[in-house]
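Colleague: Once you've had a glance at the structure underneath, I'll fire off some questions.
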Amino acid sequence: MQIEVIVNLKKIKMEVDANEFLADTLRKYGILSVRKGCDTTCCGLCTVWIDDKPTLSCTTLSFRANGRKITTIEGVHKEADEFAQILVAEGAEQCGFCSPGFIMTVLAMKNELTNPTEETIVHYLTGNLCRCTGYMGQLRAIKTYLGVQ
Amino acid sequence: MFTLLNLVQPDTIEAAYKALVEKRNNIVLGGCAFLRMGSQRIGTAVDLSRLNLNYIVEQNEYVEVGATTTFRDIETNPLLNRYFNGVLPEALSQIIGIQFRNTVMIGATIYSKYGFSDLLTALLALDTEIELYKGGRMSLKSFLESSFEKDILTRIFIKKNERKANYQHLRNSCSDYPILNVAVSKLNDQWKIVVGARPQRAIIVQKASEELANLELNSKNIDRVATMAANEITFGTNMRGTADYRKCICKVLVKRAIMEVLQCK
Ligand SMILES: Cc1cc2nc3c(=O)[nH]c(=O)nc-3n(C[C@H](O)[C@H](O)[C@H](O)COP(=O)(O)OP(=O)(O)OC[C@H]3O[C@@H](n4cnc5c(N)ncnc54)[C@H](O)[C@@H]3O)c2cc1C
Ligand code: FES
Ligand code: FES
């Protein structure tokens, strides 16, 4: 079936199977930042925004994206780059595999919350797993990025 | 992963129901998080997106929630944060992460009657009714206790009243399934103690709930009722905890929840 989606502000017609999940469709159309890290809806690596809400693209059937606005890290390049510089400065990026989903969640948090506490930040990011960093460097980077204590 | 042979997106609930019951292996799609964990071969998948069931509205007597509303919509809804001491947002906020809760749906969760559910335990402590397209409207308690023909859960109704409520849970790690969960609520002198993830489905602990109405609520009596609650119901063993462990935890969580409710404004 054909769906029409706005991906990173560009209207795209996509051919999808009823069975197909959004993460696979986006990769098929060349958006390679979107990746899958688990098979259990738990790692958050596949996070994209659907109508500005962080959502699991590994679990969203592609036909449900019809007519909706999808944002991936390619669509928020400037903000992602700014945050990534802070991550690197804090030594909070190692293999970088988790970064696309993690950064999309951090940027969504910045849009959604004002002056979050450390507890709120940690809670917002519970759905993003990282096998390398131990999270403390990431937390420091987020606090610096958001300008909170 | 499931295999889906055919997909329909009906414009009316009547058409959705007709498509659902046409064949045994036809099913309704929720947020698909649980479905994708299995390997079901689905004949026709019925998608409810066109039925406008994604809403939370305040009616005169009830808060009405459509079946395709996501957990995150409930969690961030100002109305549901205001009512019942925010017990529903609190119960949902522990489940995996934001992106997951933006994906999974309330109708799917209630219809599936999961034993581990955080949502069902909290909803059962409130005065909740649900509506099935064919089976009609009934209390959540009756729904959980009975079995029904294949149906579509369309809406839930939570009675707006002065019920004070609190939710407690224990997990091995945050975002894991709960080992046990408890919700306690109080409306005037009527108490409800609900225990879920036993690991069986949530139930109201009847005698202990009634006992609370007859007592002066000091520490000793609350301890006694918490012990009574843990003795009144059965627990099971699974990879997350033994029945004995759950029974011990139950006393603690029930006591905490009662004490929290007493503090509620
Ligand atoms: C890895 C993982 C961890 C989880 N951890 C927790 C947890 O800690 N606590 C907790 O409470 N929950 C947990 N859950 C359950 C989750 O919160 C949802 O309850 C579950 O995923 C079902 O919601 P869904 O939208 O994904 O439904 P789906 O997977 O789409 O559907 C589930 C079932 O419901 C049926 N269905 C869907 N909508 C309707 C409807 N309107 N009427 C009738 N039938 C319908 C479907 O046909 C299917 O059989 C977890 C789930 C997963 C996958
Ligand atoms: S790939 Fe792990 S949550 Fe989507
Ligand atoms: S940096 Fe390696 S998984 Fe996060």
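The values are calculated or read from the model by the stated rules, or taken from the named source; none is laboratory data. What you are looking at is a predicted structure, and each value in this text was computed from that prediction instead of being measured. Cβ placement follows ideal geometry from the backbone for every residue including glycine, while neighbour counts extend to all protein chains displayed.
For (1) away from ligand 1 (no atom under 16 Å from the Cβ); (2) farther than 30 Å from B:VAL8 by Cα; (3) in a loop (DSSP other than H, G, I, E, B), each residue gets a yes or a no:
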residue: A:THR40; (1), (2), (3): no, no, yes
residue: A:CYS58; (1), (2), (3): no, no, yes
residue: A:LYS78; (1), (2), (3): yes, yes, no
residue: A:ALA108; (1), (2), (3): yes, yes, no
residue: A:THR114; (1), (2), (3): yes, yes, yes
residue: A:THR126; (1), (2), (3): no, yes, yes
residue: A:CYS130; (1), (2), (3): yes, yes, yes
residue: A:GLY134; (1), (2), (3): yes, yes, yes
residue: A:ALA141; (1), (2), (3): yes, yes, no
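Colleague: Can you tell me which residue within segment A:4-39, out of those that are of a type in the set (Ser, Thr, Tyr) and more than 16 Å from ligand 3 (Cβ to nearest atom), is nearest to the other protein chains (Cβ to nearest Cβ)? Steps first, please.
Modeller: We begin by selecting, within segment A:4-39, every residue of a type in the set (Ser, Thr, Tyr); these are A:25, A:29, A:33.
Filter once more, keeping what is more than 16 Å from ligand 3 (Cβ to nearest atom): A:25, A:29.
Working: A:THR25: 14, A:TYR29: 20 Å.
Looking at residues that are of a type in the set (Ser, Thr, Tyr) and more than 16 Å from ligand 3 (Cβ to nearest atom), I get A:THR25.
Colleague: Quick check on my filter: what residues within segment B:1-33 are part of a strand (DSSP E or B) and either of a type outside the set (A, V, I, L, M) or away from chain A (no Cβ under 14 Å) (or both)?
Modeller: In the first step, residues of segment B:1-33 are kept if they are part of a strand (DSSP E or B); the result is B:3-8, B:27-29.
Residues satisfying the conditions are B:THR3, B:ASN6.
Colleague: Would you confirm, using the coordinates I've provided, whether A:ASP52 is at pLDDT below 95, within 13 Å of another protein chain (Cβ to nearest Cβ) and out of contact with any Leu (no Cβ under 8 Å at 6 or more places or on another chain)? Before you say what the answer is, go through the steps one by one.
Modeller: On the way: at pLDDT below 95: no; within 13 Å of another protein chain (Cβ to nearest Cβ): yes; out of contact with any Leu (no Cβ under 8 Å at 6 or more places or on another chain): yes.
Here the answer is no, as A:ASP52 does not meet what is asked.
Colleague: For segment A:57-70, does any single residue satisfy the condition of being of a type in the set (A, V, I, L, M, F, W, C), modelled with pLDDT of 95 or more, under 17 Å from B:GLY31 (Cβ atoms) and near ligand 2 (Cβ under 10 Å from one of its atoms)?
Modeller: For segment A:57-70, residues of a type in the set (A, V, I, L, M, F, W, C), modelled with pLDDT of 95 or more, under 17 Å from B:GLY31 (Cβ atoms) and near ligand 2 (Cβ under 10 Å from one of its atoms): present.
Colleague: Something else about it: Considering every residue within segment B:34-43, establish whether at least one is of a type in the set (A, V, I, L, M, F, W, C), under 27 Å from A:CYS38 (Cα atoms) and in a loop (DSSP other than H, G, I, E, B).
Modeller: yes
Colleague: Checking the condition in contact with a strand residue (DSSP E or B) (Cβ under 8 Å, 6 or more places away or on another chain), within 16 Å of ligand 2 (Cβ to nearest atom) and not charged (D, E, K, R), which residue from B:GLN99, B:GLN9 passes? Spell out the reasoning first.
Modeller: On the way: B:GLN9 fails: within 16 Å of ligand 2 (Cβ to nearest atom).
None of the others qualify; the one that does is B:GLN99.
Colleague: Related question: Among the residues of segment B:33-54, count how many are surrounded by 14 or more Cβ atoms within 10 Å (Cβ to Cβ) and either touching a strand residue (DSSP E or B) at 6+ places or on another chain (Cβ under 6 Å) or under 19 Å from B:GLY135 (Cα atoms) (or both).
Modeller: Within segment B:33-54, residues that are surrounded by 14 or more Cβ atoms within 10 Å (Cβ to Cβ) and either touching a strand residue (DSSP E or B) at 6+ places or on another chain (Cβ under 6 Å) or under 19 Å from B:GLY135 (Cα atoms) (or both) number 10.
Colleague: From the list B:ASN60, B:ASN54, pick out the single residue that is more than 14 Å from every other protein chain (Cβ to nearest Cβ) and either closer than 23 Å to B:TYR114 by Cβ or assigned to a loop (DSSP other than H, G, I, E, B) (or both). Step through it out loud before you land on a result.
Modeller: On the way: B:ASN54 fails: more than 14 Å from every other protein chain (Cβ to nearest Cβ).
Just one listed residue meets the conditions, B:ASN60.
Colleague: Please work out if B:ALA45 is within 19 Å of B:ILE110 (Cα to Cα), within 12 Å of chain A (Cβ to nearest Cβ) and among the hydrophobic types (A, V, I, L, M, F, W, C). Break it down stepwise before answering.
Modeller: On the way: within 19 Å of B:ILE110 (Cα to Cα): yes; within 12 Å of chain A (Cβ to nearest Cβ): yes; among the hydrophobic types (A, V, I, L, M, F, W, C): yes.
So B:ALA45 fits the description; yes.
Colleague: Being buried (at least 22 other Cβ atoms within 10 Å of the Cβ) and within 16 Å of ligand 2 (Cβ to nearest atom): is that true of A:SER33 here? Quick ask: steps written out before the conclusion?
Modeller: On the way: buried (at least 22 other Cβ atoms within 10 Å of the Cβ): no; within 16 Å of ligand 2 (Cβ to nearest atom): yes.
Spelling it out, it is not the case that A:SER33 is buried (at least 22 other Cβ atoms within 10 Å of the Cβ) and within 16 Å of ligand 2 (Cβ to nearest atom).
Colleague: Still on this structure, I have one more. Count, please, the residues in segment A:85-111 that happen to be surrounded by 20 or more Cβ atoms within 10 Å (Cβ to Cβ), hydrophobic (A, V, I, L, M, F, W, C) and within 10 Å of ligand 3 (Cβ to nearest atom).
Modeller: Residues flagged as surrounded by 20 or more Cβ atoms within 10 Å (Cβ to Cβ), hydrophobic (A, V, I, L, M, F, W, C) and within 10 Å of ligand 3 (Cβ to nearest atom) within segment A:85-111 amount to 4.
Colleague: Out of all the residues in segment B:94-108, which are within 14 Å of chain A (Cβ to nearest Cβ) and at pLDDT 95 or above? First the steps, then the outcome.
Modeller: The initial filter retains those residues of segment B:94-108 that are within 14 Å of chain A (Cβ to nearest Cβ), namely B:94-105, B:108.
If the condition is that a residue be within 14 Å of chain A (Cβ to nearest Cβ) and at pLDDT 95 or above, then B:ILE95, B:ILE96, B:GLY97, B:ILE98, B:GLN99, B:PHE100, B:ARG101, B:ASN102, B:THR103, B:VAL104, B:MET105, B:ALA108 are the ones that fit.
Colleague: Which residue pairs have Cβ atoms closer than 6 Å, lie 6 or more positions apart in sequence or on different chains, and pair a first residue in segment A:83-111 that is within 13 Å of chain B (Cβ to nearest Cβ) with a second residue that is within 16 Å of ligand 2 (Cβ to nearest atom) and of a type in the set (Gly, Ala, Ser)?
Modeller: Partner pairs satisfying both residue conditions: A:PRO100/A:SER33; A:GLY101/A:GLY44.
Colleague: From A:LYS13, A:LYS36, A:LYS28, grab the single residue that is of a type in the set (Lys, Arg) and within 16 Å of ligand 1 (Cβ to nearest atom).
Modeller: Working: A:LYS13 fails: within 16 Å of ligand 1 (Cβ to nearest atom); A:LYS28 fails: within 16 Å of ligand 1 (Cβ to nearest atom).
Result of the check over A:LYS13, A:LYS36, A:LYS28: A:LYS36.
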